[in-house]
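Step one of this worksheet: look at the structure below.
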Amino acid sequence: METALLATFTIIVSFLVRGHDCKVVQFIFGDSLSDVGNNNYLSKSLARASLPWYGIDFGNGLPNGRFSNGRTVADIIGDEMGLPRPPAFLDPSLNEDLILENGVNYASGGGGILNETGSYFVQRFGLYKQIELFQGTQELIRAKIGDSEADKFFQEARYVVALGSNDFINNYLMPVYSDSWTYSDNTFVQYLMETLRNQLTILHGLGARKLMVFGLGPMGCIPLQRVLSSSGDCQDRTNKLALSFNQAATQLVTELSSSLPNATFRFGDAYDVVNDIIANPNKYGFSNADSPCCSFGKIRPALTCIPASTLCSDRSKYVFWDEYHPSDKANELIASEMIKKLGFKPVNQTDSPSPAMAPSAS
């Protein structure tokens with residue numbers, strides 16, 4: 001009798017633990033383009049989307065930590081793939097059950113691939129710190145469901161790594177940072193790739209098998225770069241740096257995908273479509289591709305959107321929300337391009353083994 005009860009109890013516990021097998025979640029590592037609220041919990045951070053009018057077209061219209069009027073590219077890709085939206089790591093409600101159901105977003109505004117990037121924002125998580133936080137998450141989940149089930153959970157999850165723009169705009173291209181005079185354009189990109197190689201290898205060692213690295217868009221065309229140029233045009237050198245980064249990162253990701261065991265690493269490059277949107281906004285339904293929807297009158301650059309700012313009359317007609325970040329509508333087009341290029345397919349639709357359902361991470 002006792003043996004039968006014990007066997008039944010074991011089966012029930014085993015079923016409950018394995019109930020997590022079918023749910024595929026995301027773990028997102030990034031900067032302000034992917035932040036969903038982490039920086040709002042960093043009280044000393046100077047990079048926070050905590051004031052109106054951020055989030056005006058998202059949910060209840062209140063600030064939610066996203067540096068946009070609406071969704072991020074990662075939000076939209078995840079939605080299209082049927083993946084849950086992972087909460088911010090610093091969200092006070094985060095616990096093991098929430099992680100198992102939704103994953104985690106570690107992205108932090110101002111963060112970069114390099115530890116030194118964005119230091120003048122005071123508080124932010126760079127990629128190494130985000131990976132360290134992910135290691136802590138793994139310990140929690142292993143304690144909750146055991147090593148074997150945790151290995152399956154993390155290996156079936158999708159991973160997004162979306163950083164790099166701050167390493168240029170808020171590091172290398174600013175003379176207050178030593179990197180600006182220590183490296184040339186080519187050697188700085190090499191430095192980034194060496195660092196990123198190590199970071200992606202660490203993530204693979206922690207179970208990341210389906211991972212996507214987001215490329216950089218034409219950074220020289222964001223409103224901040226335009227307004228700081230004498231002509232008001234895109235800054236050519238900054239755009240060339242983005243192209244150099246994308247070329248080197250493509251090679252790196254391809255190499256790691258073939259050399260690391262069971263790795264399906266992909267590179268998502270939306271440079272061309274963003275460049276075309278900026279060059280031919282009318283073609284995509286936009287009327288403005290060079291200035292922010294949220295601005296402080298004629299005072300520019302107003303580095304952040306604030307309650308005293310003036311909003312454009314139609315947010316769907318502006319490519320950029322503020323001096324740095326695309327609008328929800330632009331993010332939708334960028335996400336659609338990535339989905340089309342990389343052939344993403346929905347997950348979590350059946351109880352079949354999840355790796356067969358989607359070719360890559362989102």
Could you tell me the extents of region 238-329's C-alpha atoms along the three principal axes, largest first, rounded to whole Å?
52, 28, 25
Compute, for residue 113, the solvent-accessible surface of its heavy atoms (probe 1.4 Å) with the complete set of protein chains present, and express it in square angstrom to the nearest 10.
0
Testing the spin-label approximation: label points 7 Å from Cα along Cα→Cβ at residue 272 and residue 185. State their distance in nm.
2.2
Stretched out fully, how many nm does the piece from residue 348 to residue 202 gain, at 0.36 nm a residue minus the Cα gap?
49.9 nm
Debye log10 I(q)/I(0) at q = 0.10, 0.15, 0.19, 0.21 Å⁻¹ for region 112-269, Cα point scatterers:
-0.41, -0.84, -1.18, -1.35
Set 23/317; 129/152; 129/298, cut-off 32 Å on Cα-Cα distance; pairs above it are 23/317; 129/298
Quick one: angle between helix 328-342 and the longest Cα principal axis of the chain, in degrees between 0 and 90, rounded to 10, please.
60
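Rounded to the nearest whole Å², what accessible area per residue is found for region 256-305 with the 1.4 Å probe? Don't skip to the end; give the middle numbers.
Details: 2470 Å² over 50 residues.
On a per-residue basis, 49 Å².
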What residues have an amide H closer than 5 Å to that of residue 212, excluding those fewer than 5 places away on the same chain, when H is modeled at 1.01 Å from N in the peptide plane?
159, 160, 161, 266, 361
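For region 130-183, rounded, prolate or oblate, judged on the Cα gyration tensor with a ≥ b ≥ c (square roots of eigenvalues), a/c < 1.5 rounded, else prolate if a/b > b/c? List each step's numbers first, then the result.
Values: a/c = 5.29, a/b = 3.25, b/c = 1.63.
Taking the square roots of the gyration eigenvalues as a ≥ b ≥ c, region 130-183 is prolate.
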Using the Cα centre as the reference, give the magnitude of the dipole from point charges on the C-beta atoms of the chain (Lys, Arg: +1; Asp, Glu: -1; all else neutral), rounded to the nearest 20 debye.
460
On the Cα set of the chain, report Rg and Dmax in Å, please.
21.0, 85
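How would 337, 332, 101 line up by accessible area, probe 1.4 Å, largest first?
101, 332, 337
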Which trypsin sites (Lys or Arg not before Pro) in region 293-349 pass both tests, a DSSP loop state and at most 15 other beta-carbon atoms within 10 Å?
298
So what's the angle, to the nearest 10 degrees on a 0 to 90 scale, between helix 236-259 and the longest Cα principal axis of the chain?
20
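The values are calculated or read from the model by the stated rules, or taken from the named source; none is laboratory data. Given the structure is predicted, the values throughout are model-derived calculations rather than measurements. Glycine also receives a Cβ, built like all others from the backbone with ideal geometry; neighbour counts cover every protein chain displayed. Just so you know, the surface numbers come from the protein's heavy atoms only, side chains and all, with ligands and any DNA or RNA stripped out. Shrake-Rupley method; radii C 1.70, N 1.55, O 1.52, S 1.80 Å.
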